[in-house]
Every structure is written in C-alpha cells, then in structure tokens.
Amino acid sequence: MPKNPPPDLGDALVAALPQLRRYALAVCRSADLADELVQEACERALAAQGPGDADTPLLPWLFTIVRNRWIDRLRRTQTEGLPSDIEDHPELVGADGEDARVDARRTLARVQQAIDRLQPEQRELMLLVCVEELSYKEAAAVTGVPIGTVMSRLARARMRVAEWAGLAPAAGAMP
C-alpha cells in the first residue's frame with residue numbers, strides 16, 4: 001500500500017531549492033547541470049514521498065540524492081571529465097572608490113580560487129559544513145564517510161584555503 005506524502009513535502013522542497021542548487025553548483029561546477037541535478041533530486045524526493053523515516057532530516061537526505069545523481073553522471077561520462085562554465089569575472093571597483101569593498105572582493109576572489117583548488121572531497125565538505133551548516137555527523141551521512149574522516153578532511157581544507165588565499169602563514173613558515 002503506497003504511503004501518503006507529507007502534506008508539506010512540496011513546500012519543504014521549494015524552501016530547500018536555494019540550498020540544493022548551491023550544493024549542486026559546488027559539486028558539479030556547471031549551472032545547467034546543477035539545475036538538472038536539483039530537478040532530478042526533487043523528482044526522486046516526490047516519487048519517494050519523503051525520506052521515509054520521520055527521524056531523517058529532509059535537507060541532508062536531499063543533499064544525498066543530489067550527490068548520488070552526480071556520482072551516477074560521473075560514472076556515465078568518465079571520459080569527458082568535469083565540465084566547467086564558471087567564468088572569471090573582473091572585479092568591479094565601486095564608483096566612490098571604497099577601498100574596503102574592493103579589498104573584500106579581492107579576498108573573496110582569492111578564497112574562491114583557493115576553494116576551487118581543493119580536492120573535490122574537501123570542497124564538498126567545506127560547502128556542507130561551512131556554508132550549509134550541516135553537522136559533522138550529517139555531512140558524514142551525506143558523503144558516506146566516517147565522521148573522523150569528515151573532521152580531518154575539513155581541517156586540512158580549511159588550512160589550505162587560508163594558506164592559498166593568503167589569510168594564514170604558509171605551513172612551516174615562521175611567525
């Protein structure tokens with residue numbers, strides 16, 4: 001006997017769309033593909049009528065669906081490599097010459113470049129924990145790795161981003 005979907009599943013999916021798209025963009029690095037992954041995840045979530053277990057949080061479950069759809073696509077297109085449609089945009093200088101805003105944009109650009117240099121596993125965890133604010137336990141469930149692995153990958157990723165973005169001294173450098 002099919003179960004009835006939760007009455008607020010549609011509303012919950014709509015509310016989760018920005019976070020799902022941001023996660024999909026970080027994983028696949030292509031706006032068009034991210035939109036497809038999010039659409040597929042929503043279709044699967046609606047077909048399944050929710051996580052099934054009332055104790056399973058919806059957002060991490062949806063992230064897992066997006067991630068699994070991405071992995072499926074990677075397996076099908078291994079020879080093509082990762083598509084990338086992210087373009088470098090020149091930094092805009094404010095008309096009133098606000099130095100702080102310009103510096104912030106430059107720092108943000110350096111941080112984004114540093115994050116882009118991370119291994120995909122580290123970049124994914126940075127997004128899940130630092131941007132989407134999932135707990136280490138939830139991130140471990142989404143990625144399917146032990147919580148200790150999540151913690152160590154995230155620690156290494158944070159150090160590398162800070163070093164590569166010029167926000168921390170290089171490893172082994174004297175203060």
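Since every read-out is calculated from the coordinates, none of them should be taken as a lab result. Everything numeric in this text was worked out from a predicted model, so none of it was measured. Glycine gets a Cβ as well: all are built from the backbone with ideal geometry, and neighbour counts include every protein chain shown.
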Cβ charges +1 (Lys, Arg) and -1 (Asp, Glu), total dipole of segment 89-168, debye: 380 debye
Solvent-free Debye scattering, log10 I(q)/I(0), computed from the Cα coordinates of segment 8-52 at q = 0.22, 0.23, 0.29 Å⁻¹: -0.70, -0.75, -1.01
Semi-axes of the equivalent ellipsoid for segment 96-143, Cα gyration tensor, largest first, Å: 29, 13, 5
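Over all distinct Cα pairs, what is the inverse of the mean 1/r for segment 105-175, reported as the Kirkwood hydrodynamic radius in Å?
Numbers: mean 1/r = 0.0795 Å⁻¹.
Evaluated over segment 105-175, this radius sits at 12.6 Å.
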Linear extension gain, MET151 paired with GLN113, 0.36 nm per residue minus alpha-carbon span: 11.5 nm
Under Karplus coefficients 6.51, -1.76 and 1.60, residue-wise ³J(HN,Hα) of segment 161-167 in Hz, glycine/proline x: 4, 4, 5, 5, 8, x, 9
